[in-house]
Amino acid sequence: MKFTYAATMRTCYAASMVQAIINTFITLLFVTFQHDYGISLEWIAAIISTNFMLQLTVDLVSARFLDKVGYRRASVVAHILAAVGLVELALLPEIMNPATGIAIAVITYALGGGLLEVIVSPMGEACPTKNKERAMSFLHSFYCWGHMTMIIGSTIFFVLIGIEHWQILAILWALVPLANAFFLSKVPMKPLLPDHMASATIRELLSKKIFYLMLVYMVCAGSAELTVSQWSSAFAEEGLGVSKTVGDLAGPLFFALLMGIARVCYSRFGERIQLQRFMLFSALLCLACYLTIALSPIPAVSLFACGICGFSVGIFWPGTFSMASKTIRNGGTPMFALLALGGDLGCAVGPAVAGFVSGATGGNLRTGILVGAVFPAVMAAALLFYRQRKGRE
């Protein structure tokens, strides 16, 4: 069978879905871990932070070696690590201290997730597509569709088979990265930059003021997205008193659906929308959603705000990548790696802050999410600063 660049893009779509699986599956089990293993909210917050801090470390290290290793080898290894980590999640808590076993599994698939974070965007950017901004937004929408597929599939499994058999489901999800690893070993791949153009070094990137602004965008994007996404199921179950099934569907599923819709809409109608204005509007909408989730006395309104928050954060990640690619032409793999590092730093900090604040206030997740509102607020301020700067120029 002869594979084309269209097949390469499809493996990138699947890789984004794998990222969603390894980042989100464990969030559906937070309450189960609390009840079955006696794991506290603070420890769960530490697990989330471990995942993204390791991904952050991989982002930083890969900025130096990825071009030498090559996207193909790195992507295959990343998928294998993701699959092994999911299998470990199913097996290790039953044969050793549960908290330690879960931590080991998270460490394993976090290494794979960190590589995927760096690889997927430049692999898609390198493919011969007509409109890079719209293609990037469409590529990142598959993170949302993977998120939704995982939640729907997991919810059906929990209803039909039972939440007590979640280990079987973890092993089934491990088949997805294994299958995509095979196709990644076959599809054609192009370098991100032409042969005559060398990627910027880390020192060159760090000498550009605009790059620091892009890093601020990425930190805020990761924090704003993951704070609500990671805690929405537990928030719906514990804070709003709904069932496990309703919590998973009304929380992370609704969030992922609207986040995916935002990205697809930009991929289809992006030529009619000014990216910076859309991102600023989204940041202000995100801030309003955080305040509504935390302060509304009506549970249904808070749940609705969780979903709208997904729409508001949809453009942050791909939009920042697109802005960086336009403003820093020779950024190459190091730029994508460091931007991913910023995003993962936000993914680690945001949910951890919400978890620790919630634990310190007696398990009140509303308080944690209220504190998390600082991230969309900073995002909006940074975007306004960039608009004013461009206006002066």
FRET efficiency for ALA360 and VAL301, using Cβ-Cβ distance with R0 set to 30 Å, rounded to 0.05: 0.70
Alpha-carbon radius of gyration plus Dmax, which is the widest Cα pair, for region 86-194 in Å: 17.2, 52
Cα gyration tensor, region 276-367 - rounded (a/c under 1.5), prolate or oblate: oblate
Extension gain (nm, one decimal) between ILE156 and LYS326, 0.36 nm per residue minus Cα-Cα: 56.9 nm
Rh (Kirkwood; distinct C-alpha pairs) - the chain, Å: 20.8
Ordering of 89-96, 220-227, 328-335 by burial proxy (mean other Cβ atoms within 10 Å per residue, highest first): 220-227, 328-335, 89-96
Expected 222 nm ellipticity per residue - DSSP helices of 4 or more, -39500 (n - 2.57), all of the chain, to 500: -27500 deg cm²/dmol
Potential extension, GLU164-ILE95 segment - 0.36 nm per residue separation minus Cα distance: 23.2 nm
Solvent-accessible heavy-atom area per residue, rounded to whole Å², over the chain at 1.4 Å: 39
Segment LEU384-LEU206, length gained on full extension (0.36 nm per residue, minus Cα span): 61.9 nm
log₁₀ of I(q)/I(0) at q = 0.13 Å⁻¹ - region 1-128, Debye sum with one point per alpha carbon: -0.56
Whole-percent carbon and sulfur share, accessible surface of the chain, 1.4 Å: 67
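The values are calculated or read from the model by the stated rules, or taken from the named source; none is laboratory data. In this text the structure is predicted, and so the values were computed from the model without any measurement. Every residue, glycine as well, gets a Cβ built from its backbone with ideal geometry; the counts of neighbours run over all protein chains shown. Keep in mind that these areas ignore ligands, DNA and RNA; they rest on the heavy atoms of the full protein, side chains included. Shrake-Rupley method; radii C 1.70, N 1.55, O 1.52, S 1.80 Å.
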